[in-house]
Every structure is written in C-alpha cells, then in structure tokens.
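Report on the following structure.
The values are calculated or read from the model by the stated rules, or taken from the named source; none is laboratory data. Everything numeric in this text was worked out from a predicted model, so none of it was measured. Every residue, glycine among them, receives a Cβ derived from its backbone with ideal geometry; neighbour counts consider all protein chains shown. Side chains are part of the model used for accessible areas, which takes the heavy atoms of the whole protein and leaves out ligands, DNA and RNA. Shrake-Rupley method; radii C 1.70, N 1.55, O 1.52, S 1.80 Å.
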Amino acid sequence: MGKNFKIFCFGFGQVAKYFTKNLIKNNFNFQLISTNTVKTEMKKIDDLNFKSFYFNNNEFDKDLLNELNSSNKVLISIPPKIEGDLVLKTFSKNFIDNKFDWVTYLSATSVYGDKKGQWVDENTDTKPSSERGLARLNAEKSWLELYKKNKLPIQIFRLSGIYSNENNIIKRIKMSNFKMVNKKNHFFSRIHVEDIAEILKLSLKKFEIGQIYNISDNHPCSNEEIFKYATNLMKIKFPDKIEVEQIENSTLKDYYKDSKKVSNKNMKNKLQIKLRFPTYKEGL
C-alpha cells in the first residue's frame, strides 16, 4: 500500500486523533477529513490542516458528500443509537456506490455481555446485557450485512476499555474522591489508545475484508487489582469501597454488569502487533 491516500473520519475522538498522530509521526502522506457536531471549519492536528464537516443526527453539511465520495479509507467511531447506526442510516448509498479500500468500524466488547469471568474470543456468542452493548451489536450486524451484499471492504474492531495518558485511573483518583466498587471476581479488559492507533496503522497493510478483531491488552483483571497498583504508585491510602447498588452513574453501573476476559489472540496473530502497553502496569 502506498502512502498517498485520503481518509474520512466519522467522529474525531481520542482514537481518531491518536491514529492521525501515528500516521503523521510515521511520515504517511495523506489527506484527512472529519466530522463534528457543531459547525464546518478548518482544523489542525500537529502540522496537518484538515476540514471538519458538520454532521449531527440526520443533518449534515452537503459539501461533505464530495469529500466522502473521493476518499479511499473510512474510519467510523461515532457510537450508534439503539435505533440504528447513524452513519449507515445517513450514508449507506455512498458506501454501496463508492470503491473504498478500507472501512473500519469501531465497536466494543460490550457486545459479549456477561460471561461470569470466562474468556471470550471473536467466535463467542454475543449476548449484550446493556442498551449500549445491544446498539453496538445491531450496528455490527448492519455493517456486516452491507459487506455480504455489496462486498464492502469492512473490518470491525471490538475495543476493550480505553485508557490513555490523559484519561486513566491515576488521573481519575486525583480529580475526585474516587471510591472502589466492591464486586468480587469482576474481570475486565483494557487497551491503551496508543496501541489502538498502532493497530489501525498496521491494518492498513494487513487488511482482511469482513474480519472482526478483539482489541485488548494481554492481562484482563479486576478493577481492584488496578486500584491497588495505582494507589501504591501514588503512595496513597486505598480508597473506600462502595457497593454496585450505590453507583449513581448509569454508564458505570452498566460496566459492572459484565465480567469477562477478552482474548486478543486473533489480533496478535493476524496483525502481528507487539503491544507497547501489554498490561496496565506499563500504561500507568
């Protein structure tokens, strides 16, 4: 694959930003177009100028159509609604009519639901236990249907819990009176955003149409294990514990519904990634 291409990012959150920075750092020659929910404007990331088009619900700047239709690659990171995937509902004709060579949909491991702490891989039954997980699964099915009917060159990344230098447990402990949730045998997986960006870059060359990948580090574990490690690093007292029923945030409460260990064997075997942050210890 040559380095001259044009990528259209639906949404430009932390994953898309780190992916773009990775491409710039590795001297890829590319054009970037993105969307936002406020207004169409020129933006800059590092030394790269790019245009970000207005797209919110079913309203969008019509000028983005020419940019989408002339792109080679598309990254979709806008979370779906329970009634369907916003990008697919609004632009399905563009995905059918155009000859993209790389389309990546960012999903989440919440599609698996609760597995009582057991391992899951890409062949595990998907039984989401939250509305967000169900929305993700429905969106995946819609994208895969388009792939099967129209040979859409899509891959799906099921992302584990994302953390970064800007957003991690140490920062959250510093910012608030953080309390540990008391739930035994609750396992979850995570992935550093820099590793996601590297995996996305590698997939530009190692692309397999219709492939689904779990994107996770090597060490699923309990939240308590990470809390203990973080508080030891910070040399502070281990936080007070609360029960799941005391959680007020609905997103956080949904998170504690599911316990599973996410296998990343398919990702490592097919994309040949060597994780920079193989466990939370390197990341923190």
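Observations, loosely collected:
- Gaussian network model of the chain, Cα within-10 Å springs - most flexible of L146, L271, L48: L48
- Overall form of the range 132-199 per C-alpha gyration tensor (a/c, 1.5; a/b vs b/c): prolate
- Considering only the chain, percent of DSSP beta bridges that pair antiparallel, nearest 5: 20
- Farthest towards the positive end of the charge dipole of the chain, among the residues Q246, A16, H186, is the Cα of H186, using unit charges on the Cβ of Lys, Arg, Asp and Glu.
- Cross-link pairs exceeding 26 Å between alpha carbons, from the set K183/K274; K127/K174; K25/K274; K44/K89: K183/K274; K127/K174; K44/K89.
- Relative contact order, percent, the chain [alpha-carbon distance under 8 Å, six or more residues apart]: 19
- Sum of -39500 (n - 2.57) over DSSP H runs of 4+, divided by residues of the chain (222 nm, nearest 500): -10000 deg cm²/dmol
- Here is the list for the range 168-251: GluC sites (Glu not before Pro) lying in DSSP coil, each with at most 11 other C-beta atoms within 10 angstrom of its C-beta, are E248.
- The shape of the range 36-132 can be summarised by an equivalent ellipsoid whose semi-axes, obtained from the alpha carbon gyration tensor, come to 31, 15, 15 Å from longest to shortest.
- Charge context of S216, other residues only, Cβ under 12 angstrom, K/R +1, D/E -1: +2
- In loop segments of the range 48-150 as defined by DSSP, the trypsin sites (Lys or Arg not before Pro) with at most 10 further C-beta atoms inside 10 Å of their C-beta are K62, K99, K116.
- Proximal charge balance of S110 [Cβ under 12 Å; K/R count +1, D/E count -1]: +2
- Residue of S160, S34, S129 that the Gaussian network model of the chain assigns the largest fluctuation, springs spanning Cα pairs under 10 Å: S129
- Once the Cα-Cα distance is subtracted from the 0.36 nm per residue extended length, the K6 to L252 segment shows a gain of 84.9 nm.
- Flagged links, alpha-carbon separation over 24 Å, of K81/K261; K62/K149; K179/K257; K184/K261; K116/K241: K81/K261; K62/K149
- Scanning residues 5 or more positions from C9 or on other chains, those with amide H under 5 Å from its amide H are I33, S34, T35, L75, with H placed 1.01 Å from N in the peptide plane.
- Whole-percent pair-distance distribution, where bins are 5 Å wide, for the alpha carbons of the range 1-82: 3, 14, 27, 27, 17, 8, 3, 0
- The chain - accessible surface per residue (Å², probe 1.4 Å): 51
- Under 14 Å of direct C-alpha separation, and excluding same-chain neighbours fewer than eight residues apart, K6 reaches these aspartates and glutamates: E67, D101.
- Each Lys or Arg adds one and each Asp or Glu subtracts one; over the other residues with Cβ under 15 Å from the Cβ of K253, this totals -3.
- A full extension of the chain between D97 and N69 corresponds to an added length of 9.2 nm, given 0.36 nm per residue minus the alpha carbon distance.
- Max mean-square fluctuation residue, GNM over the chain, Cα-Cα springs under 10 Å, options L134, L86, L252: L252
- Here the relative contact order of the range 114-221, from alpha carbon pairs under 8 Å that lie six or more residues apart, stands at 37 percent.
- Cα-projected label distance for K179 with E224, points at 7 Å along beta-carbon direction, nm: 1.7
- Computing Rg and the Kirkwood Rh from the Cα coordinates of the range 55-101 gives a ratio, Rg/Rh, of 0.94.
- Accessible surface of the chain [probe 1.4 Å, protein heavy atoms]: carbon and sulfur percent: 46
- Bridge orientation summary for the range 135-284: considering DSSP beta bridges with both residues in this region, about 15 percent are antiparallel.
- Interchain or long-range residues, amide H under 5 Å from W102's placed H: V74
- Contact order normalised by residue count of the range 213-284, Cα under 8 Å, 6+ apart, percent: 56
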